[in-house]
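Heads up: the structure comes next, in structure tokens.
The values are calculated or read from the model by the stated rules, or taken from the named source; none is laboratory data. Bear in mind the structure is a predicted one, so any value in this text is a computation, not a measurement. Here the Cβ positions follow ideal geometry from the backbone for every residue, glycine too, while neighbour counts run over all protein chains shown. What goes into the accessible areas is simple: the full protein's heavy atoms, side chains included, and nothing from ligands, DNA or RNA. Shrake-Rupley method; radii C 1.70, N 1.55, O 1.52, S 1.80 Å.
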2 protein chains.
Amino acid sequence: MVRISIIGLGLIGTSLGMALRSAEASESPLGALEVVGWDRDQRAVKEARGRLAIDREARTLVEAVRDAQIIVVATPVLAIREVFAQLGPLLASGTVVTDVASTKAEVAQWAATLPSGVAYVGGHPMAGKEKAGAKAADPELFNGAIYCLTTGRSTPQAALEAVEAMVRTVGAKPYYIDPEEHDVYVAGISHLPMLLSVGLVEITGRSAAWKEMAALAATGFRDVSRLASGDPEMHRDILLTNRVGLQRWIDEMISFLLEVRDQVDEGDAEDIEALLQRVREQREGWLETRPGLRPGEDAFLHQPEPERRNLLTFRLPRRRS
Amino acid sequence: MVRISIIGLGLIGTSLGMALRSAEASESPLGALEVVGWDRDQRAVKEARGRLAIDREARTLVEAVRDAQIIVVATPVLAIREVFAQLGPLLASGTVVTDVASTKAEVAQWAATLPSGVAYVGGHPMAGKEKAGAKAADPELFNGAIYCLTTGRSTPQAALEAVEAMVRTVGAKPYYIDPEEHDVYVAGISHLPMLLSVGLVEITGRSAAWKEMAALAATGFRDVSRLASGDPEMHRDILLTNRVGLQRWIDEMISFLLEVRDQVDEGDAEDIEALLQRVREQREGWLETRPGLRPGEDAFLHQPEPERRNLLTFRLPRRRS
């Protein structure tokens, strides 16, 4: 019997509990499991219990981690530091601690404060929703998703294997990556998109004409702005703990916008069209292999491409200033 | 019998034909209709014919517009200028010309070259897909969608009424707006999102680490990048004909990004969280009234908000440099 403790029963913690508990013991590399859950807020614990995410609720952090082989810290990123500090004195040697935070380099530094004998493996499931909390939990959330794992030099093999087994039990695909690389990459494909969504809603929303604009906004606005509906606390922590990664992409985005601004100013039709052709191919190629999408997640977007030949209707009057 | 000619049988032209032809004559304010279609590319005409988008195909532009009461120019924006020039000598006095272009100020200027006696009403249905061409056409595309209409000082009432009747026939909601205002507003809620999608795909795609990043990119990337899969020709024309509107929003976006860059640098948790709370409310409020979304388009996003109270699990350690 392997005991897993989940500290923090929000969307990810609760979904993880549900996925672990619904796994067949005979098919899980961990065998039979017991899931213990704890949250600072007792109402979150009740919600998780009602969703069958945990076998047993703990009243205190001490009770939560007693005899646990694997501890999953599923709190907002900035809270992890304090949770690690509180956990330290409570953990037996050989305990494996992992987390599910969206940034990994800072968390790995905080993990260095855990007692020697306690192993840390960083985790980040590439799955989520813009809705937060136990109520949005879904046992299928991780099924087919990439699950990043980060390790240090001294991470024991057994700890790695334990966390990898947990990841496989919930149907996710382990993906080993360096914490700093993780943060820069994820800043580009996840945190930058979030920031662009936020920026779009912020600058249109503070416009005096927002009411008129709101009437015209349709599916393009809906999709590009989706991540602005995400959990403010989670996103705040992401921004604050991924400074280096983010700034690199913010700078690139600003350069890109200035570039296009000039091209538009100069009526540079050729370069603009080349850019638009390039990004379309790039994105369609990504959707084709869609390594990071779970089955079905591309379904409503991925339709056979109509033949371009048939669609060219009028030739472009070249326009250069 | 009202004859409507559609010039350009791409996604919008073909969808419009299908919607017009599937309308009951008894329920349409226009009464019985005949739809004539023309495209420079005969294969597009065949495709539209196969989809029952047109009653009759024209072999020449002359044939296409003969005896038509309403001419709908549904070509890419930059082609409209040339189409207007070609149409001018062919049109009988009293003919109504409209278009479906995503930008309206430049098109309105080009419309001034149409002979006096020919009325122009600008049109822009706030509906689309990232897939282009007759093959992606859908008679329901306009159902419930906002349909912008722009007019000049001398637009005859009868012309307005004819185009408005056509808009109502396809199930769309007429929305009168000044062409310059239209362009600035639409730049914010439609063309800026497109540019952000394009920028996201461009800067991540040209990164040396794109292959690794591609593996991690998931639904957030998918949604924010969706518009990068759009028709390059259409998007090029939009960028080139909406210079003023776009530049205003590009500048605002750059300011926003610099602002957040500073806040992240300073670890300004409070301002960042206030921003994230604000945009979430802003977007949820928009989804609530969703004036520009067709029925069902918000369905998969619009779920009751979980109660925030239950979700606060850990308190933020304030972090200010």
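In a simple Cβ point-charge model (Lys, Arg +1; Asp, Glu -1; nothing else charged), chain A has a dipole of about 640 debye relative to its Cα centre.
Neighbours of B:Leu33 by Cβ distance under 10 Å: Lys/Arg scored +1, Asp/Glu scored -1, total 0. Each copy carries A:Tyr176; placing its label point 7 Å along the C-beta direction from Cα gives inter-copy distances of 6.9 nm, listed from smallest up.
Roughly what % of DSSP beta bridges within segment A:44-150 run antiparallel, to the nearest 5? Taking every DSSP beta bridge within segment A:44-150, about 35 percent pair in antiparallel fashion. Once the gyration tensor of the Cα atoms in segment A:27-109 is diagonalised, the equivalent ellipsoid follows with semi-axes of 20, 16, 14 Å, ordered largest first. Adding -39500 (n - 2.57) for every DSSP H run of four residues or longer, then dividing by how many residues the protein assembly as shown holds, sets the calculated 222 nm ellipticity at -14000 deg cm²/dmol. Which of A:Ala145, A:Ala217, A:Ala74 moves the most in a Gaussian network model of chain A with Cα springs under 10 Å? Between A:Ala145, A:Ala217, A:Ala74, it is A:Ala217 that shows the largest mean-square fluctuation. Roughly what angle does helix A:77-87 make with the longest principal axis of chain A, taking Cα atoms, 0 to 90 degrees, to the nearest 10? Long axis of A:77-87 versus the principal axis of chain A: about 10 degrees. Could you work out the Kirkwood radius for segment A:1-147, taking every pair of different alpha carbons, averaging 1/r and inverting it, reported in Å? Computed over Cα pairs of segment A:1-147, the Kirkwood hydrodynamic radius comes out at 15.1 Å. The loop-placed trypsin sites (Lys or Arg not before Pro) in segment B:104-176, going by DSSP, that have at most 12 neighbouring Cβ atoms within 10 Å of their Cβ come out as B:Arg153. Shown in residue order for segment A:214-223 are the 3J(HN,Hα) couplings computed by the Karplus curve 6.51 cos²θ - 1.76 cosθ + 1.60 at θ = phi - 60°: 4, 5, 8, 5, 10, 5, x, 4, 4, 6 Hz (x for Gly and Pro). Relative to the other identical copies, B:Glu270 shows label-point distances of 5.4 nm, where the label point lies 7 Å from Cα along the Cβ direction and values run shortest first. Please identify the GluC sites (Glu not before Pro) of segment A:9-79 that satisfy two criteria: DSSP loop assignment and at most 14 other Cβ atoms within 10 Å. Which are they? When the GluC sites (Glu not before Pro) of segment A:9-79 are filtered for loop state and at most 14 Cβ neighbours within 10 Å, A:Glu24, A:Glu27 remain. Here chain B is treated as a Stokes sphere of Kirkwood radius computed over C-alpha pairs; at 37 °C and 0.692 mPa s its diffusion coefficient rounds to 151 µm²/s. Label point of B:Leu258 (7 Å along Cα→beta-carbon): distances to the other copies' equivalent points are 1.0 nm, sorted ascending. As a calculated quantity, the FRET efficiency between B:Ala209 and A:Leu258 at R0 = 30 Å, using C-beta atoms, amounts to about 0.85.
Segment A:212-227 and segment B:213-229 have their alpha-carbon centroids 17 Å apart. Three semi-axes describe the equivalent ellipsoid of the protein assembly as shown; taken as square roots of 5 times the Cα gyration tensor eigenvalues and ordered largest first, they are 53, 23, 21 Å.
Of interest is the spacing of the C-alpha centroids, which for segment B:1-54 and segment B:89-107 amounts to 17 Å.
Taking the Cα atoms only, what angle lies between the long axis of helix B:269-289 and the longest principal axis of chain B, rounded to 10 degrees? Once rounded, the angle reads 30 degrees. For the chain pair A and B, buried accessible area totals roughly 12500 Å², probe 1.4 Å, rounded to the nearest 100. If you add up the charges near A:Val201, with Lys and Arg at +1 and Asp and Glu at -1, over every other residue whose beta carbon is less than 13 angstrom from its beta carbon, what do you get? Local net charge: 0.
The residues of segment B:181-296 expose, per residue, 30 Å² of accessible area to a 1.4 Å probe.
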